[in-house]
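The values are calculated or read from the model by the stated rules, or taken from the named source; none is laboratory data. On a predicted model such as this, the values are computed, not experimentally measured, just so you know. No Cβ is skipped: glycine too gets one built from the backbone with ideal geometry, and neighbour counts run over all protein chains shown.
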Amino acid sequence: MEMNKTDKLKGEDRRSQLITWLIEASEPMSGSLLAARTNVSRQVIVQDMSLLKATGEPIMATAQGYVYLKPDKGNLYTCVIAANHSPEETISELNTIVDYGVTVEDVTVEHPVYGDIKASLKLSTRKDVEDLIKRLRDTNAILLSELTEGIHMHTLSSDSKEKLDKACEALKEKGFLL
């Protein structure tokens, strides 16, 4: 559905279209892209996504944009690792993981006041890692692990246990695992 510059989708119609686009998308869609497509502000898209999630739509906000969680196809193996390293070693850590065909699903830190803080990452390639680091630099954002002196956890997933095992062994050899 293409919009004219003056067309603005209203409420339910817009949210219905957002779901359609997300389901059909092969990669995450940014709030800015969705805002441009619907001729509303990015903040309106954020509000729409909150409303859709509240009604049970399986939408997740990732570092790359919004995704509609589709049912898994086949078996997926997962594990949670605990890591500790400097911010400068983050690229090495993440690239080590994705180089073994493993996806970094998220990052979690244990904050002394707020408890667990978790952010979805969905990093599967070196390009995903590069894009994340660029967004961090462009926005002057800090890594969550900087809140906890480098200590953090990742949920990892892969289509084989062997890939997970090899990635974890490589991380251990580099001294990243607790």
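What to note about this one:
- Per-region count, the range 14-38, residues farther than 17 Å from Val67 by Cβ and modelled with pLDDT under 90: 0
- Only one entry of Val40, Val44 meets the criterion of being in a loop (DSSP other than H, G, I, E, B), out of contact with any helix residue (DSSP H, G or I) (no Cβ under 6 Å at 6 or more places or on another chain) and over 25 Å from Arg126 (Cα atoms), and that entry is Val40.
- A search for C-beta distances below 8 Å between a residue of the range 138-156 that is touching a residue at least 24 places away in the same chain (Cβ under 8 Å) and small (Gly, Ala, Ser) and any residue that is surrounded by 14 or more Cβ atoms within 10 Å (Cβ to Cβ) and not in a strand (DSSP E or B), counting only pairs 6+ apart in sequence or on different chains, returns Ser145/His85; Ser145/Thr90; Gly150/His85.
- Which numbered condition Lys166 fails, given (1) touching a Leu at 6+ places or on another chain (Cβ under 9 Å); (2) more than 19 Å from Ala61 (Cβ to Cβ): (1)
- Count of the range 49-75 residues, restricted to those that are hydrophobic (A, V, I, L, M, F, W, C), buried (at least 16 other Cβ atoms within 10 Å of the Cβ) and over 13 Å from the mean Cα position of the chain (by Cα), is 2.
Okay, residues lined up against (1) over 17 Å from the mean Cα position of the chain (by Cα); (2) in contact (Cβ under 8 Å) with a residue 24 or more places away in the chain:
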| position | (1), (2) |
| --- | --- |
| Ser32 | no, no |
| Ala35 | yes, no |
| Gln47 | yes, no |
| Tyr77 | yes, yes |
| Gly101 | no, yes |
| Val109 | no, yes |
